Amino acid sequence: MPITVSAKKTLRSSERKRVFNLRRKREMAETVKAVKDLVLEKKQSEANKLLPKAYKAIDKALKSGIIKKNTAARKKSRLNALIKKIK
């Protein structure tokens, strides 16, 4: 447990940030999974409609530092490749 005042404050702020980071990460994972499920069901048009939402979630996770730049690019690329592969 923190002893100094500044350490206590840091702990409080990190707990707040953790909540936001988990929310962003969960949102990203859920949208990516939804796109992948639609791909498995061979629903290309619906997956294409959901793709911008997945991109937005990935970009927000990138912006807040939850994932790195190359990870975001890789996730987007693989989602797009999956959708194109349905044909």
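Could you give the accessible area per residue of the chain, probe 1.4 Å, as a whole number in Å²?
79 Å²
Just read off the accessible area of residue 11 with the full protein assembly in place, 1.4 Å probe, to the nearest 10 Å².
Counting only protein heavy atoms, the figure is 70 Å².
If contacts are Cα pairs under 8 angstrom and at least 6 residues apart, what is the relative contact order of the chain in percent?
31 percent
Any idea what % of Cα-Cα pairs in the chain are farther than 15 Å?
So the pairs more than 15 Å apart make up 62 percent of the total in the chain.
List the lysines whose Cα sits under 20 Å from the Cα of residue 49, skipping any in the same chain fewer than 8 residues away.
Cα-Cα hits under 20 Å: 33, 36, 60, 75, 76, 84, 85, 87.
Over the chain, what percent of the accessible surface lies on carbon and sulfur atoms, probe 1.4 Å?
The computed percentage sits at 55.
Kindly write out, for the stretch 76-82 in residue order, the coupling ³J(HN,Hα) from the Karplus curve 6.51 cos²θ - 1.76 cosθ + 1.60 (θ = phi - 60°), rounded to whole Hz, with x marking Gly and Pro.
In residue order, the calculated couplings are 4, 4, 5, 5, 4, 5, 4 Hz.
Work from the charge dipole of the stretch 8-69 (Cβ charges, +1 for Lys and Arg, -1 for Asp and Glu, about the Cα centre) and give the residue of 64, 14, 44 farthest towards its positive end.
14
If you place +1 on the Cβ of every Lys and Arg and -1 on the Cβ of every Asp and Glu, how big does the dipole about the Cα centre of the chain come out, in debye to the nearest 20?
So the dipole magnitude of the chain works out to roughly 240 debye.
Measure nothing fancy, just the Cα-based angle from helix 5-40's long axis to the longest principal axis of the chain, in degrees from 0 to 90, nearest 10.
10 degrees
The values are calculated or read from the model by the stated rules, or taken from the named source; none is laboratory data. A quick note: this is a predicted structure, and the numbers were derived from the prediction, not measured. Reconstructed Cβ throughout: ideal geometry from the backbone, glycine too, with neighbour counts over all protein chains shown. Ligands, DNA and RNA are excluded from the accessible area calculation, which covers all protein heavy atoms including side chains. Shrake-Rupley method; radii C 1.70, N 1.55, O 1.52, S 1.80 Å.
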